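The structure under discussion appears below in the form of structure tokens.
The values are calculated or read from the model by the stated rules, or taken from the named source; none is laboratory data. Here the structure is a predicted model, which is why all the values come from computation and not from measurement. Reconstructed Cβ throughout: ideal geometry from the backbone, glycine too, with neighbour counts over all protein chains shown.
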Amino acid sequence: MCISSVTYAQYDNYDNVEEWTLEDVEEEAPKPLHKEYKNTLYLQYSPSRYYTGDTKQKFNEFSAGYARSIQILENQPYFVEVGANIKYSHDKENGINYDLLSFRLPVNAVYKLYLSKVKDIALAPYAGIHVRAIVAGKEDGWKTFQIGWQTGLRLYINKVYAGISYARDFPDDTKNPHIRECSVHFGYCF
């Protein structure tokens, strides 16, 4: 925050110069306000690995999602972000096509680090948990519901952002498959 001090002479209709007074007046520079958007639509691409026992399958996954940001502190850029996305996964192995449809509910803690005082350019690291449900295309022995975690980094420029992330399921020997994914995503805020 910038604070400047200006000294000036004030004349209050006094008859002579000796009655003038000097006053210090602190002027506060206007604080730039960054626009915080509450809603986000995003697209995501994830090359993922599904581990089932000793076997590993590589899926190309495409997602579309929505997230809602809730600012925790009024004057600080700390947010809780809740959302939902739908994911289509495809793999072709030995001439056989594997297609999955998943639904995911992520919850993230986000902090925006603004890189400019006057423009909405920010880096936003985040971390959180998710619940995933495989709703179609599940293999025999695969569990429908999984719980996992994710972390990532986004670069916001005004209403758009680009980001990278890593996510995986919490370790549990009773759960198949164990999913690990790296992602690239693009979003639009409104």
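Would you mind telling me which numbered condition in (1) under 21 Å from Y188 (Cβ atoms); (2) out of contact with any Cys (no Cβ under 8 Å at 6 or more places or on another chain); (3) among the aromatic types (F, W, Y) W142 fails?
(1)
Restricting the search to the range 22-56, which residues are modelled with pLDDT under 90 and polar (S, T, N, Q)?
T52, T55
Which one is nearest to W149 (Cα to Cα), of the residues in the range 49-97 that are loosely packed, with under 12 Cβ neighbours inside 10 Å and among the polar types (S, T, N, Q)?
T55
Condition first: within 18 Å of the chain's Cα centre (by Cα), at pLDDT 95 or above, under 18 Å from Y50 (Cβ atoms) and among the polar types (S, T, N, Q). Can you find one or more residues in the range 85-107 that meet it?
Yes, the range 85-107 contains a residue that is within 18 Å of the chain's Cα centre (by Cα), at pLDDT 95 or above, under 18 Å from Y50 (Cβ atoms) and among the polar types (S, T, N, Q).
For the range 130-162: of the residues being without any contact (Cβ under 8 Å) to a residue 24 or more places away in the chain and outside any strand (DSSP E or B), which is surrounded by the most Cβ atoms within 10 Å (Cβ to Cβ)? Outline the logic, then answer.
To start, the set of residues in the range 130-162 that are without any contact (Cβ under 8 Å) to a residue 24 or more places away in the chain comprises 140, 144-145, 147, 149.
When the remaining residues are screened for being outside any strand (DSSP E or B), the result is 140, 144.
On the way: D140: 5, T144: 10.
Restricting to residues being without any contact (Cβ under 8 Å) to a residue 24 or more places away in the chain and outside any strand (DSSP E or B), the top hit is T144.
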